[in-house]
Amino acid sequence: MLAKLAGRIARGAPVVASLGEFDDVLDEGGAYVSPDLGGKNAAVSAQGAELGKQVAKILLVERDIDLRDFDILNLSRDFETTFVVNELDPKLWFNIVRDESEIKYATTQLVLDYKDLQDAIGGEPVETAVASPEKERKIKQEVLDIFYDADLLRLRGRQFLGRACWLFSQGRGFVKLAPVEAIEADARSHQEWIDRAKPVLAQSKSGSVDCFTLLQHGQAS
């Protein structure tokens with residue numbers, strides 16, 4: 001099972017590294033927090049010409065990141081027909097499956113979000129589209145939808161990989177481990193989870209790389 005776990009980590013690391021492109025957009029003007037929770041950074045509040053620049057960046061990210069690649073972030077397929085599923089702590093198993101489900105949800109929604117954004121732009125140059133108050137309103141809503149789903153993807157993607165790396169770092173005894181709250185507890189935002197999990201992940205290693213470095217937080221690919 002360690003070999004399968006190592007394989008998932010090795011193949012998943014470059015996929016998670018690509019999330020750095022979302023970091024650049026989401027965390028403009030400070031760490032992104034959902035508007036529903038009071039987030040007001042530059043990414044959330046952009047209007048007019050700034051919104052147009054933001055849309056241009058989002059369309060570049062759409063081109064650069066193949067959302068289908070995130071399907072590799074799946075451990076349950078490796079574990080569910082083995083003894084691990086019966087031995088692993090139930091909370092850890094639940095959270096692994098939850099992360100996989102929410103990664104799948106986020107990637108599916110982002111495909112739809114991108115299409116809705118293109119529909120809102122309506123085939124015009126972006127700077128022309130945002131000059132129309134009605135189109136600007138529609139574009140803004142689609143951008144916020146993309147941000148919500150992209151933020152969910154980066155949180156669950158990094159949580160999944162960080163946990164997998166931490167499990168691997170413990171060797172063959174990983175099936176007996178109890179959950180670590182720094183990795184597993186709910187977080188109000190992606191940044192809150194990063195700050196809380198970093199000390200634990202930085203002390204765990206997969207090969208020669210520590211588990212926090214593996215997440216490539218804030219580093220665009």
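Which residue, of 21, 50, is charged (D, E, K, R) and buried (at least 19 other Cβ atoms within 10 Å of the Cβ)? The conditions single out 21.
Does residue 26 satisfy the criteria of being of a type in the set (A, V, I, L, M) and more than 24 Å from residue 127 (Cα to Cα)? So residue 26 does not fit the description; no. For the stretch 191-211, the tally of residues that are touching a helix residue (DSSP H, G or I) at 6+ places or on another chain (Cβ under 8 Å) and of a type outside the set (Gly, Ala, Ser) stands at 10. Return the pairs, sorted by first residue and then second, in which the second residue is in a helix (DSSP H, G or I) and among the small types (Gly, Ala, Ser), the first residue lies in the stretch 92-117 and is under 15 Å from residue 65 (Cβ atoms), the beta carbons are less than 9 Å apart, and the residues are 6+ apart or on different chains. Short answer, once both residue conditions are applied: 103/157; 106/150; 106/157; 110/150; 113/150.
Please find, among 91, 115, 104, the residue that is of a type in the set (Lys, Arg), under 12 Å from residue 150 (Cα atoms) and out of contact with any Cys (no Cβ under 6 Å at 6 or more places or on another chain).
Numbers: 91 fails: under 12 Å from residue 150 (Cα atoms); 115 fails: under 12 Å from residue 150 (Cα atoms).
It is 104.
For the stretch 1-21, the criterion of being aliphatic (A, V, I, L, M) and closer than 23 Å to residue 120 by Cα is met by none of the residues.
Among the residues making up the stretch 76-91, those that are assigned to a helix (DSSP H, G or I) and free of Cβ contacts under 8 Å to residues at least 24 places away in the same chain are 77, 85, 86, 90.
Taken over the stretch 176-221, the criterion of being in a strand (DSSP E or B) and surrounded by fewer than 15 Cβ atoms within 10 Å (Cβ to Cβ) is satisfied by 209 alone. Here residue 70 fits the description: assigned to a helix (DSSP H, G or I) and in contact (Cβ under 8 Å) with a residue 60 or more places away in the chain.
Contact annotation: residue pairs with Cβ atoms under 9 Å, 6 or more positions apart or on different chains, pairing a residue in the stretch 183-195 that is under 17 Å from residue 147 (Cα atoms) with a partner that is at pLDDT below 95 and part of a helix (DSSP H, G or I), are 188/37; 189/37.
Restrict the check to the stretch 164-173 and report whether at least one residue is at negative phi, assigned to a helix (DSSP H, G or I) and within 14 Å of the chain's Cα centre (by Cα). Looking for residues that are at negative phi, assigned to a helix (DSSP H, G or I) and within 14 Å of the chain's Cα centre (by Cα), one finds none in the stretch 164-173, hence no. Residues in the stretch 115-144 that are of a type in the set (A, V, I, L, M) and in a helix (DSSP H, G or I) were compared, and the one that is surrounded by the fewest Cβ atoms within 10 Å (Cβ to Cβ) is 144.
In this structure, residue 31 does not qualify as part of a helix (DSSP H, G or I) and surrounded by fewer than 18 Cβ atoms within 10 Å (Cβ to Cβ).
This table checks each residue for (1) closer than 22 Å to residue 113 by Cα; (2) part of a loop (DSSP other than H, G, I, E, B).
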| position | (1), (2) |
| --- | --- |
| 14 | no, no |
| 24 | yes, no |
| 44 | yes, no |
| 52 | yes, no |
| 56 | yes, no |
| 60 | yes, no |
| 74 | no, yes |
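Per the conditions (1) surrounded by fewer than 16 Cβ atoms within 10 Å (Cβ to Cβ); (2) outside any helix (DSSP H, G or I), the sole criterion not satisfied by residue 39 is (1).
The values are calculated or read from the model by the stated rules, or taken from the named source; none is laboratory data. Keep in mind that what you see is a predicted model, and the values were worked out from it rather than measured. Quick reminder, even Gly has a Cβ in these numbers, built from the backbone with ideal geometry, and neighbours come from all protein chains shown.
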